[in-house]
Amino acid sequence: LTIDSQGYLHAVYGIHHNDVPYCRSLRPNDASEWTDRSTFGGRLSYPTLVCGPDDTLFLTGRDGWSGVRLFVKPPGQPWEDRGLIIKVNDDCISYAAFHEGLAWGPDHKTLHLSCSFFQSTSNVSQDWGSIQSVNYMRSRDFGRTWERADGTRIEVPATAETMDVLLAGESMDPKPGIRNTGAIVVDSQGRPYVLYYRNTPEKPGQGFLAKADSAGNWQQLPLQAALDKHFPGE
């Protein structure tokens, strides 16, 4: 769910490997009536929706096992398929899942994206998820080109190896061992923060907050340890 500059609500919902249902509220700041539902996309899952400064809508979603696809909807226009902006690694030969999140910078021009990768080098379902990571990239031209936090250009579609890698590893117990479901925020200085959780190698799992400075260097903040210190027993 997102809202445009005029107060109209825009919603996408309810899909897994299918077309995305989309509708808009009939009146600003009023969720009581909506336009007829339309669909687009083909085989998407886990859509993420944000609204740009000119009321253009930006949506990303997992495209089957192939990667993450970007769709853009200018005001009053149909949805445009911009293609894959993230793809699977070459050594991923079977199941792959992607959970991404979008957030605007304070200039409302820079689009920040976090993504968790769950990729497989085996055709055996019990071994799926042998490649896992949490990654980041950003676009300063409304999704046309992408780069790392330090400004290094990324050729799209990006991979878990070409994006900023905040955490990477392998895990079979439990699955997934590394999880970020698109949890990203950007502060007033344009610095992104990405929240992720790791089950392994030590139990119980731990939460971390990855923070990028102005030079694009990432710092891993042990969020769980800080919470335990300041709020013991809670």
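The values are calculated or read from the model by the stated rules, or taken from the named source; none is laboratory data. Since the model is a prediction, treat every value here as computed from it, not as a measurement. Every residue, glycine among them, receives a Cβ derived from its backbone with ideal geometry; neighbour counts consider all protein chains shown. Accessible surface is based on the protein model in full, side chains and every heavy atom, while ligands, DNA and RNA are left aside. Shrake-Rupley method; radii C 1.70, N 1.55, O 1.52, S 1.80 Å.
Brief remarks on what is shown
- Residue in segment 89-102 that is buried (at least 19 other Cβ atoms within 10 Å of the Cβ), in contact (Cβ under 8 Å) with a residue 40 or more places away in the chain, not charged (D, E, K, R) and not in a strand (DSSP E or B) present: no
- Pick from segment 24-51, criterion of a type in the set (Val, Ile, Thr) and out of contact with any Gly (no Cβ under 8 Å at 6 or more places or on another chain), ranking: least open to solvent (accessible area, probe 1.4 Å): 50
- The residues of segment 1-23 that are β-branched (Val, Ile, Thr) and either crowded, with 16+ Cβ neighbours inside 10 Å or in a loop (DSSP other than H, G, I, E, B) (or both), listed by number, are 2, 12, 15, 20.
- Within segment 38-88, the set of residues being assigned to a loop (DSSP other than H, G, I, E, B), among the acidic types (Asp, Glu) and on the phi < 0 side of the Ramachandran plot comprises just one member, 54.
- Residue in segment 145-152 that is of a type in the set (Ser, Thr, Tyr) and under 20 Å from residue 110 (Cα atoms) present: yes
- If you check 182, 207 for being assigned to a strand (DSSP E or B) and among the small types (Gly, Ala, Ser), only one passes: 207.
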